[in-house]
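Each value in this text was obtained by applying a stated rule to the coordinates, not by laboratory testing. None of the values given here were measured: they were computed from a predicted structure. Please note: Cβ atoms are built from the backbone with ideal geometry, for glycine as well, and neighbour counts cover all protein chains shown.
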Amino acid sequence: MRRLFVVLLFAARGVSAAITGIVVDDQGQPIAGATVRAYAAEPSSAQRVRLIKGNFARQPLATATSRADGRFGLDVKGLAVDLVAETAGGEIVLLETNDGEDVGAIVLGRADRRIKVTAEGKPVPNVAVIFSPAVVLRTDAQGEVPDVHPGWPKLVISSDWAPQIVDGGEVTLAKGVALRGRVANAAGPVVHAMVMLDAIPLVETADDGSFAIAHAPANWQQLAAISSTEIGATAHVAGNVAEIRVGPAMMASGNARDSVSGAPIVGARLYLGESGEMTLSDANGHYAFGPVPREALTVSGRHPRYTIQEAAAGRDVNLAAHPLARLDGRVVDERGAPVSAATVFAPGPPAIRAVTTSDGRFTVRSPDRSRATSLYAQKQGFAIGFAPPRVWHDGDQIRDLTITLPKGFPLQVRVVDERRRPVAGAHVIVRRTDIEMFRSSVGSDEPGCPTCRSADAGGILNYRITNGEYQLAAYDGEGKRPPKIVGPVALDARSSPFTIELSEPAAATPAKGAPIAGGAIVGRVVDRITRRAIPDFEVALESGRMLMLRQLFETTDGSFRLDEISPGEITVRVFAPGYVSSSADVVVDEKRAASNVEIELAQGGRIAGRVTAKQLPVSLATVRLVEDRATISVDSVPTDDDGRFVLDGVGMEARLDVELDRGIELRGRVVDPRGSGVSGVEVSAISLGQQSPIVRGRSGVDGWFSIGGLLPAHYTISARKAGVVTASVERDLPAAEPLIITVDTGLSLTGRVSGISPSDLPALRITISANDTYADAVIDSAGGFVLHGVPEGKVHLTAILQREGAERRVMKEIDVHSGMPPVELDLAEGFVIRGRVTRNGSPLRFASINFNEDGNGAVYAFGVVRDGLYEVALPKPATYVVSITVDPDDFRYSVRMNLSASATRDIDIHGSDLRGRVVDAQSGAPAAGAKVTFIGRGVPSSVRTATVDGAGRFVLTDITDDAGRLSVSLDPYALANRAINMAVDAAQDIEVRLERGGDVRFVIVDSVDGTPVPSAVVYVGEIPSMTVVRIDSKGIGSASLTPGRQKAQISAEGYVQQTLEMTVPVSEVRVPLAKGGVLRVESKQLRWLHLTVRGTSKTVWYGMTGRDDVVPPGDYVLEVLTRDQRLEKSVPVTIRAGER
């Protein structure tokens, strides 16, 4: 249901403007004779009164005509002004401004679109089309008006027809239905109350509280009424008589003041939460709302010179206004000549946008971002340019910004389908990936359309870029084909035309009763406070913690459309830079679109800090927040010249200062067996004995590379590149001499795949893996394939055919040697299992499905359930454990199947619900936020997880097991466990009482020098009732444990695992860990390994070749076993602590 008040959806374009300025065309040339009018900004209460009286058009405060140089001036005596600029037959631009401001350049383009209004098959003249309180047009004799604000909502209203709020195009009016009623409060009728139908003010009540609406839309949703002190609403009712009950409303007021000087802020526009109510601050900075709904609301504001801090609404609430920074600069070409009509911008929030004048100059105002920010510029005929990151603070004036637009070169992108036919309307986004500070997509090179991203009838899109690495994301405009991401790939002037193939998935035969895809979701993304459209965002469909069909959108009105969505309930999640991700649940019907889906995003919190090294600032360091991408949209930011950074759009506020150690630099060269340099090789360094991440670099043209920020330690350095065999070497750092890594091109493996139709070949992938070497095959149209960079010896060859909801996989172990014949792969081997997966009879929308052979755990097939359908190929008859996972932390189910031939095997997941309550054992208070986990016993089995609500309640649905174990965890309580018998417990509400167990402090130290062992992990108890304690950088971690005898295992990288027993309560457990040695055995063929103490039969470790394992120091005998466990050889080894 809509909010109680949404004032006509009239949001002005979100840019700061001025009373003096210059009017230019889309080429930056001045426009003479343009009309510029100024209207007094109008509060919501005044808008309602005027519209109910039918006074649609307003009188301007002042009017001016632009001079020959495009400049104009308006003498306006008003607190806040709506500025309207237009030319005959052109676009109308609306700007918010205040008296004494300077607008800079106002760009007027052509109004190419028109709105046509008809009724009963005929054009309707003289209908009012209200674009904003200041822009009202009447339809001509043909029922048309120019669409001067394409994509923005407009109110179409006439005394003879039902009103409509439309986006544009053709509008068909209807007589609607007659509606009457009364407005009353507890004392009786309410006179002269304003009545609104779906947020449109239409009538005022008479002296008896009655009202009548002659033409109401037949599908109206809400009636609302407002008087001087009361407010109320009612939803759609049957019939044509409605009563609106009103009650006391909330009043909100306060003052807006400069946060520095304390001076009142005059003419600020204040907005009340999501209600849509707007009012203005007066000459004393005072503002007042009323009446408004009694609910928790916030007050936010806008002013051309200030950013106004949001606050909770109430009486006498003061708002702090922070002065905006003013940024002046120029855009020039590579010769230094000014570039006019270039668009200057920076990602939000809030978005920064301006247009250069004929001398290349621009002015923008921006809030204090407290982080290094780049300004970008683009114009047709140039590649995108950007200024180095700068930091500005409240009230700063920066006048020396220069953005250079390189000429670049044209890049033509051609989008084709699987038959090489052009895909008209395909959407392609091109992003630079090799420059950290470059955070914008590349603009198009279409004349007059820098934001065009759709292919023409020939599937062609034109861009202009410079040499570098790019990622290209292509989307089918009709939604028939899945999106495709290409890159990063190096592009230069020889790269055109760059072809992207979008392949339509093979049509699967739906099982009986399966859902039919074909619905659509149409919506809009807006700022939760300002209600402005968010132009750049990403939309995905959410299932558990998995995201599907992620699509990028770059729009002017925040709109999006998703097509070919399967019917049913679905969660739509949206990401946007600077905002916290949000979602909406919608119901999709294949017969009509799920429209008017509005998703509001709230501006996120920020993590601010400073990066230094030896107490000096580090500029252009990359700061990255690593979190679940399903909940945030933050990636990384560079530090500014002072080392400062801000990560915004996160759900937290934090301060983080980091002192960097410049560390050790590893220099080296990657060469082939002849000693020639090999470029483009990814070189990574990792030390198992240090708590440091993998550090990577890339070899240059001559094979040289450099990796910095390393600690003194023993490292494994690996070199990887497609088409060569991965090489690894050991090196102690620091080292005096450059490291030379030799990579071998290996062998080429050829073969042919059969048992597959030609139309499925684009969906086929063939790979090899051997130790650390991985390679993908090139597959031709006849099914022949070749793999380069294959090592000699045993390798695993895998062919995977993946389609919507189905995967067919064939795996072979082959012995690769020179001169071997082509390999034959037959995807028709084995048999196919397909079917439906339902949950309580409803198709499971999305899940993973695995087939593991019972007894040895080997995965023989992996597939995907989409819209209830799955299909997999199995290599041999066997008993399989089939596992279905929707979310690893929420829903898992498994069942045994005896399978020997192709068949249809439907799976219906249904079971009983387990309900209960979790409380504090002492007080009985609800334990809100506790995590409840059920793990079933046996196969079929289920894993269910839920979070306890504010009342302490939880529900675990569809439990298929007869019995299992329930565990409940919540800090600072001890882990609670309970055996579950579903025959008894499912019939009642169970209660779990959490005890505040004994607080135990673990201190983990090195057994030799006593220094803390950071990032160790302590496991207390047994699965599934295990408590995990993570140790911090000081070697300390705490947990609340159940009193009694407890067993703990302590693990840390580079140390020997230790097991101990303790009796709780105990205040502190100090554990010294001994360093182990790293054992790694390389072999061309997979071998099993046993390590026994020399002179005994005691086995202390077992594993396999190709892995790094930490083992206790000592003298051992290493036994090498074949895959059938026969002893192949014995080798004496000595393991020393800290060595490899």
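Amide H contacts under 5 Å for Leu324: Tyr306, Thr307, Gly395, restricted to partners 5 or more places along the chain or on a different chain, H placed in the peptide plane at 1.01 Å from N. Distance from the C-alpha centroid of segment 227-291 to that of segment 716-759: 66 Å, rounded to the whole angstrom. Report the FRET efficiency, 1/(1 + (r/R0)^6), for Thr63 and Asp167, where r is their Cβ-Cβ distance and R0 is 30 Å, rounded to 0.05. Result of the calculation: an efficiency of 0.50.
Building the convex hull from the alpha-carbon atoms of segment 51-95 and averaging its projection over directions returns 4.6 nm². Residues whose amide H comes within less than 5 Å of that of Gly314, counting only those at least five positions distant or on another chain, are Ser253 (H built at 1.01 Å from N in the peptide plane). Across segment 248-404, the relative contact order, built from alpha-carbon pairs under 8 Å that are at least six residues apart, equals 20 percent. Each Cα pair under 8 Å and six or more residues apart adds its sequence gap; the mean of these over the residue count of the chain is a relative contact order of 4 percent. If the segment from Asp906 to Ala983 were pulled out straight at 0.36 nm per residue, it would be longer than the present Cα-Cα gap by 25.1 nm.
In the chain, the calculated helix contribution to ellipticity at 222 nm averages -500 deg cm²/dmol per residue, counting -39,500 (n - 2.57) for every DSSP H run with n ≥ 4.
Using the beta-carbon distance between His817 and Arg996 and R0 = 60 Å, what value does 1/(1 + (r/R0)^6) give for FRET efficiency, to the nearest 0.05? In this case the efficiency is close to 0.35. For segment 953-981, backbone nitrogen atoms closer than 17 Å to the point 7 Å from Glu1022 Cα along Cα-to-C-beta are found at 964-967, 976-980. Summarising the label geometry, the points placed 7 Å from Cα in the beta-carbon direction at Ala288 and Asp400 lie 5.0 nm from one another. Think of the chain as a dipole: +1 on every Lys or Arg Cβ, -1 on every Asp or Glu Cβ, centred on the Cα centre; then among Val49, Gly523, Val671, Val671 lies furthest on the positive end. What is the gain in length, in nm to one decimal, between Thr745 and Ser496 on full extension, counting 0.36 nm per residue of separation less the C-alpha to C-alpha distance? 86.7 nm is the gain from fully extending Thr745 to Ser496.
Over segment 325-405, calculate the relative contact order: mean separation of alpha carbon pairs under 8 Å at least 6 apart, over the residue count, as a percent. Display every interim value, and only then the final one.
On the way: 203 pairs, mean separation 30.9, N = 81.
Once normalised by length, the contact order is 38 percent.
Each Lys or Arg adds one and each Asp or Glu takes one away; over the other residues whose Cβ falls under 11 Å from the Cβ of Leu108, this sums to -3. Setting aside same-chain residues fewer than 8 positions from Lys53, which aspartates and glutamates have a Cα under 12 Å from its Cα? Correct list for Lys53: Glu204. Placing pseudo-labels 7 Å out from each Cα toward the beta carbon at Ala311 and Arg698 gives an inter-label distance of 5.0 nm. Relative to the Cα centre, the charge distribution of segment 250-319, modelled as +1 at Lys and Arg Cβ and -1 at Asp and Glu Cβ, gives a dipole magnitude of about 120 debye. Around the amide H of Gly209, modelled in the peptide plane, lie the amide H atoms of His192, all under 5 Å away and 5 or more residues distant in sequence or on another chain. Any aspartates and glutamates with Cα under 18 Å of the Lys407 Cα? List them, leaving off those in the same chain fewer than 8 positions away. List returned: Asp333, Glu334, Asp445, Glu446, Glu469, Asp492.
Other residues with beta-carbon under 12 Å from the beta-carbon of Leu733 carry, at +1 per Lys or Arg and -1 per Asp or Glu, a net charge of -2. In this structure, the pairs whose alpha-carbon distance is over 20 Å, taken from Lys116/Lys480; Lys794/Lys876; Lys116/Lys175; Lys122/Lys175; Lys116/Lys154, are Lys116/Lys480; Lys794/Lys876.
The 3J(HN,Hα) values that the Karplus relation (6.51, -1.76, 1.60; θ = phi - 60°) gives for segment 211-224 are, in residue order, 8, 9, 10, 5, 9, 9, x, 4, 9, 4, 10, 8, 10, 10 Hz. Gly and Pro appear as x.
Please figure out what share of the DSSP beta bridges in the chain is antiparallel and state it in percent, rounded to the nearest 5.
So the antiparallel bridges in the chain amount to around 80 percent.
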